[in-house]
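The block underneath contains the structure these notes are about, expressed in structure tokens.
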Amino acid sequence: MATLSSPTIITTTSILLNNPFLPKTPQLSAHHHRGVRSVNGKVSCQTKNNNGNDENNQFQLIQNPNTNTPYLLDRRNILLGLGGMYAALGSEGANYYNTLAAPILPDVEKCTLSDALWDGSVGDHCCPPPFDLNITKDFEFKNYHNHVKKVRRPAHKAYEDQEWLNDYKRAIAIMKSLPMSDPRSHMQQARVHCAYCDGSYPVLGHNDTRLEVHASWLFPSFHRWYLYFYERILGKLINKPDFALPYWNWDHRDGMRIPEIFKEMDSPLFDPNRNTNHLDKMMNLSFVSDEEGSDVNEDDQYEENILLMRKAMVYPSVSDDPNKAELFLGSPYRAGDKMEGDVSGAGILERMPHNSVHVWTRSNTIKGNQDMGAFWSAGRDPLFYCHHSNVDRMWSLWTDVLHGGNFPKTPEYDDYRNAYFYFYDENANPVRVYVRDSFDTERLGYKYEDQELPWMSITQQQQQQQRQQQRQPLLGGRLKTRTFSLVKKVLTELKVMLPLPLKYSVIKTKVDRPKKSRTKEDKLEHEEVLVINFKLGKSKDFIKFDVYINDGTDYKPEDKTKINLEYAGSFTSLTHGGGGGGGDMSHMAEEDMGKNTVLKLALNQLLEDLDATDDDSIQVTIVPKSGTDSIVITGIDIE
Ligand SMILES: [Cu+2]
């Protein structure tokens, strides 16, 4: 780990300066997308102050595309959701808002064979038995009430409850024996993921685009509903309505391996398509590529995993900024957006460790990253549902433990809350479920057994490191960090000009902060967010790049991701269909290549850690790790 007391001088490589992508003028503040934004070419103008920065403006100028009448929007009303919009705009404005921001919905009657399979040779497609919308009912809590609350427990403790374990195995065995015509069968359950994730459904009203539930704010809710019905089906098959799924407790040392119950070769929980090198190994929660190396000892790996968890869960929880819900859950995705959004991005919850656990588990020998490394096949591994159970638990912890307060825990937009999906329930009846009904697990009839959260409190080793750096250790829960003056690293003052491809080398650049020396109250209300905009092109490999703040280390792409004090986060993406074949993402039109994508990282706590809260600017380092050949960085800003 780089120490803060050793001054390092960094120079930007000449390739950055001689790059053909360099524009004539700097474009460091080209992208601002908050609240209302343009969709489908409609105009969205924003007032800017002299710095080109709209951060502090309460009002935003919006142009009605039908009448060309400009409206002045009060940002505070945008935060209030549609109700606030009506108040601000009157009925005409409300109509405009409706056309601007309708929820994205699947046209479930037009399921088509997904061509996302890695080389087309897998004789399967993703469509479940056709939904009959005449008999499809809207989800109602009273129709799915259970008398006993289901309690999901850690998978590594499964042997303590043999009866439950036998039930689980029996239920999966029955599920695997059901005929393909039954939507509750194992293969049909796997197809649910394939259909919603590999573009089998067109977007309702926008049949030229396909729905994809990953890399957006749909991700947490879709997977919660998916597991909800999967769990109910398993319970039904063994006639135990209180049956609960386990969770893969990868955020705890005891759970940082593939759980034993999934490794018994004669068990219905077994799947041969897993990485044989990882069966007994301590997980690397930032893993995306074998090429990153794996010579780290277990204790160090554990410490890094815990720090990663801490940065993913606790850091974005420090402020009460309602906008930060999108940082955690994923970026907006609305009707009219192309697959994965015109400007869209996965939230923290999805990027890591969710994506890395998928890649960690998938086969290292079979082509196409089966099963866990490809969307179409991930649901074939029973471990998938156990993994997503912990992802879902992270959402629940983020909501209930880290944000017990009264401010919004989810985006307040109606086009988010009113998005819906179709599933088959435990009686094979079709049901339409809404995002808005997915926020409360207790209301859905289940909860997670409490387990120690090592990432909530700092570890001993990290405390020592922190003391060496003359700072007070971070405290659990709400963080209070008092920093002392440090000898700072000498960092480059160079601002690179964008766009810039990430293909050639590490990018280091200075980024100005819109506001320094912020008051305590301001920091509590507003999360300072690093926004990295980029074009994301086709890739056969899993995609990953890492971001560090004020780090003088000379990072190399081939090194293992270092989770240190300066680490801010990573962008990761599982390709559609995975590596090895030409079929991945082939269902996307050519113009969809080079999609605008965004990575947003919370900075408040990180800047405290780095004693950089009074600085005018920060230095951002972007390290390409895997599949970044087609990535072009188009904007690096602080909002
Ligand atoms: Cu997943």
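The values are calculated or read from the model by the stated rules, or taken from the named source; none is laboratory data. Just so you know, these numbers come straight off a predicted model, no measurement behind them. Neighbour counts run over all protein chains shown; Cβ positions are idealised from the backbone, glycine included. Side chains included, ligands, DNA and RNA excluded: accessible areas come from the protein's heavy atoms. Shrake-Rupley method; radii C 1.70, N 1.55, O 1.52, S 1.80 Å.
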Inset, instruction - Under 6 Å between Cβ atoms, at least 6 apart or on separate chains: pull out the pairs that start in the stretch 381-394 with a residue that is under 20 Å from PHE270 (Cβ atoms) and end on any residue that is near the ligand (Cβ under 10 Å from one of its atoms). - result: ASP381/MET372; PHE384/ALA378; HIS387/VAL357; HIS388/HIS223
Inset, instruction - Looking only at the stretch 364-372, decide whether some residue is closer than 19 Å to ALA195 by Cβ and surrounded by fewer than 24 Cβ atoms within 10 Å (Cβ to Cβ). - result: yes
Inset, instruction - Considering every residue within the stretch 244-257, establish whether at least one is outside any loop (DSSP other than H, G, I, E, B), open to solvent by 30 Å² or more (accessible area, probe 1.4 Å) and out of contact with any Cys (no Cβ under 6 Å at 6 or more places or on another chain). - result: yes
Inset, instruction - Considering only the stretch 189-226, state which residues are touching an Asp or Glu at 6+ places or on another chain (Cβ under 9 Å), within 12 Å of the ligand (Cβ to nearest atom) and not in a helix (DSSP H, G or I). - result: HIS214, ALA215
Legend entry - Residues located in the stretch 210-237, provided they are more than 16 Å from GLY379 (Cβ to Cβ) and open to solvent by less than 10 Å² (accessible area, probe 1.4 Å): LEU211, SER216, TRP217, LEU218, PRO220, SER221, GLY235
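For (1) at pLDDT 90 or above; (2) closer than 21 Å to ASP551 by Cα; (3) in contact with a Cys (Cβ under 6 Å, 6 or more places away or on another chain); (4) not aromatic (Phe, Trp, Tyr), each residue gets a yes or a no:
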{"site": "ASN418", "(1), (2), (3), (4)": "yes, no, no, yes"}
{"site": "ARG432", "(1), (2), (3), (4)": "yes, no, no, yes"}
{"site": "TYR448", "(1), (2), (3), (4)": "yes, no, no, no"}
{"site": "GLU493", "(1), (2), (3), (4)": "no, yes, no, yes"}
{"site": "VAL496", "(1), (2), (3), (4)": "no, yes, no, yes"}
{"site": "LYS516", "(1), (2), (3), (4)": "no, yes, no, yes"}
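Quick check: anything in the stretch 412-434 away from the ligand (no atom under 16 Å from the Cβ), part of a helix (DSSP H, G or I) and open to solvent by 10 Å² or more (accessible area, probe 1.4 Å)?
Our first condition is that a residue be away from the ligand (no atom under 16 Å from the Cβ); within the stretch 412-434, this holds for 412-420, 422-434.
Going one step further and asking which of them are part of a helix (DSSP H, G or I), we end up with 414-417.
Those left that are additionally open to solvent by 10 Å² or more (accessible area, probe 1.4 Å): 414, 417.
Yes.
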Legend entry - Cβ pairs under 8 Å, 6+ apart, first in the stretch 160-175 and on the phi < 0 side of the Ramachandran plot, second among the hydroxyl-bearing types (Ser, Thr, Tyr): LEU165/TYR159; LYS169/SER267; MET175/SER185
Legend entry - Boolean, ILE261 is in a helix (DSSP H, G or I), modelled with pLDDT of 95 or more and open to solvent by less than 10 Å² (accessible area, probe 1.4 Å): yes
Legend entry - All positions within the stretch 583-618 that are at pLDDT below 55 and either buried (at least 19 other Cβ atoms within 10 Å of the Cβ) or farther than 17 Å from LEU536 by Cα (or both): GLY583, ASP584, MET585, HIS587, MET588
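Filter the stretch 171-185 down to residues that are among the charged types (D, E, K, R) and assigned to a loop (DSSP other than H, G, I, E, B) and give me whichever is nearest to ASN427 (Cα to Cα).
Out of the qualifying residues, it is ARG184.
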Inset, instruction - Answer yes or no: is there a residue in the stretch 352-374 that is within 25 Å of GLY336 (Cα to Cα) and either over 20 Å from the mean Cα position of the chain (by Cα) or in contact (Cβ under 8 Å) with a residue 12 or more places away in the chain (or both). - result: no
